[in-house]
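Comments concern the structure below.
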Amino acid sequence: MPNGTGTTIKIRKNALNMATWDPVLLWYAKAVAVMRKLPLTDSTSWIYQAAIHGFEPANPYWKLWAKNQTLPGQNEQGTFWRQCQHGSWFFLPWHRMYLGYFEKIVRKIIIGLGGPADWALPYWNYNEGKPSRKLPDAFTESHLPPPDGSANPLLELSRDSGNDSQPFLDERRISLKPAFQEHQFAGGTHVGSQGFGGPITVFHHSGGSHGALEGQPHDQVHDMVGGVMGDPVTAGYDPIFWLHHANIDRLWEVWLKADPINQNPAPSSNWQKFAFKFNDGLGNTPTLTPHDVLDSKMAPFYYQYDDVSQPAGAMPPPVPMVAVGAVRPIIEGHMPEEPIPEMVGASSEATPLATEAKTLNVRLFPLSGPLRKLGAAEGHFRKAYLHVENIRGKGRPASYDVYLNVPEGAQQPAEQFYVGNIPMFGLEQASVATERHPGNGLRFTFNVTETVNFLKAENQWNPEVLRVTFVPTRKPKEGAHLEVGRVSLYYT
């Protein structure tokens, strides 16, 4: 498909709509096999590409992958490795750049093998009902089809789930509703929503608060697949990583088209101007800004998705246009005046989480700030946010489902009390202080407005204490440890 520049636009398609060994997937598998045979110093090698996202020489997998290999020099490692942006408003554009150059490398290898010049990276759309909540079949086969018959390079044996070809993704944990109810791309400067795309940061490799789309479904899918996919340091080694991130990239486009008020940060913002350097695998070291990749159909990547329609049931009602000024940046890059959230409750000490459900009592405070000045009653608020802060740990703990005011003695928390899930993707890196971040752990924000209103309507709200229950989703790995530093509730 031409784009007016004479360059053909490549079409990224849903892998779940393909036959097991559709040519798109078979060529991908063949290219992965080639890349895995290349030395670690080759920037087009599979391991080098994984190291761009994350690298830790002490990690057991990296010890295995780098064994008997010569590593690039320290300057090259410092420039191109461990560059992924997480907990940042750069999360989406950086990963678009990363996938774009990876796709170019794979396409060049495929062409060299005699494959099509218009090959494009497929995506894994897991939001189309239960049949879609499994790995594409090509990623679970043990061997490539005849006449090749060699071991399938798309099968990653370290995965915790998915290799049995059965649906395994938890519908609640991959729901798009939390992300698509956000109409501001960037998180506010105050506590509250972290925005669709993440909080405003400079270069940010690990830790902190995750934007709505990054928190769910991005982190959740990494966590549920597990294995090397469950750790940012090793995630790029699993071939499904790239299809997962292609889908996250696609969901950015879906969000932009879902409502006219959904917009990227303004042209004058630092977001559009911040530069990242890449090794493109062709001997060049291009520098890109988010502004350079806003239109995927143009240089340098020339691709688009076959489907950016709204997933059924994912979208909240569109915000009326009269409210536009309250939820988006105006054209000169100035942010609208933010409603200042008021803390109405917080726990007092760190709480370890283990293999059993844990309920934490959060003391609630009388209103004393902006909401009180409105002359409002305690229930007068536009939105309510639950923050789970300073989540630190080691190893591979379970993820935890979070519930509010579960009745005492309940054997299984009912669905109406559920507000979200805390995934463990990136936990260890966020818990260790480095030159780049202080090691204060992960932080997740849940919009609990509907749940709080429900509890009040059902007379299940105590104005003095909020009960927050954490329920593990599986047995943690041996030796794992996890604690939550603070749980807080804010109204705006």
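In the list V233, V228, which residue meets the criterion of being modelled with pLDDT of 95 or more and not in a helix (DSSP H, G or I)?
Checking each option against the conditions leaves just V233.
If I filter region 457-476 for residues that are surrounded by 13 or more Cβ atoms within 10 Å (Cβ to Cβ) and touching a His at 6+ places or on another chain (Cβ under 7 Å), do I get at least one hit?
Scanning region 457-476 turns up no residue that is surrounded by 13 or more Cβ atoms within 10 Å (Cβ to Cβ) and touching a His at 6+ places or on another chain (Cβ under 7 Å).
If the Cβ limit is 7 Å and pairs must be 6+ apart or interchain, which residue in region 201-218 that is within 13 Å of L251 (Cα to Cα) and outside the structural domain of T434 (by TED's automatic domain parsing) pairs with which residue that is of a type in the set (F, W, Y) and not in a loop (DSSP other than H, G, I, E, B)?
Sorted first by the residue in region 201-218, then by its partner, the pairs are E214/F91.
Of everything in region 141-156, what is in contact (Cβ under 8 Å) with a residue 12 or more places away in the chain and not acidic (D, E)? Give them in sequence order.
Within region 141-156, S142, L144, P145, S150, N152, P153, L154, L155 qualify.
If I filter region 134-153 for residues that are acidic (D, E) and assigned to a loop (DSSP other than H, G, I, E, B), do I get at least one hit?
yes
State whether one or more residues within region 282-300 are part of a strand (DSSP E or B) and either farther than 15 Å from L121 by Cβ or in the same structural domain as I52 (by TED's automatic domain parsing) (or both).
The answer is yes, given that some residue of region 282-300 is part of a strand (DSSP E or B) and either farther than 15 Å from L121 by Cβ or in the same structural domain as I52 (by TED's automatic domain parsing) (or both).
Out of the residues in region 177-208 that are more than 12 Å from Q85 (Cα to Cα) and either touching a Leu at 6+ places or on another chain (Cβ under 7 Å) or among the polar types (S, T, N, Q) (or both), which is surrounded by the fewest Cβ atoms within 10 Å (Cβ to Cβ)?
Step by step, filter region 177-208, then rank; the result is T189.
For region 400-428, give me the residue count where each residue is over 18 Å from S488 (Cα atoms), surrounded by fewer than 23 Cβ atoms within 10 Å (Cβ to Cβ) and either touching a helix residue (DSSP H, G or I) at 6+ places or on another chain (Cβ under 8 Å) or among the polar types (S, T, N, Q) (or both).
Residues meeting the conditions: 3.
When G114 is evaluated against the numbered criteria (1) part of a loop (DSSP other than H, G, I, E, B); (2) in contact (Cβ under 8 Å) with a residue 12 or more places away in the chain; (3) not aromatic (F, W, Y), which criterion, by number, is the only one it fails?
In the conditions (1) part of a loop (DSSP other than H, G, I, E, B); (2) in contact (Cβ under 8 Å) with a residue 12 or more places away in the chain; (3) not aromatic (F, W, Y), G114 misses (2) alone.
The values are calculated or read from the model by the stated rules, or taken from the named source; none is laboratory data. All values derive from a computational prediction rather than experimental measurement. Cβ coordinates were reconstructed from backbone atoms using ideal geometry, including for glycine residues, and neighbour counts include every protein chain displayed.
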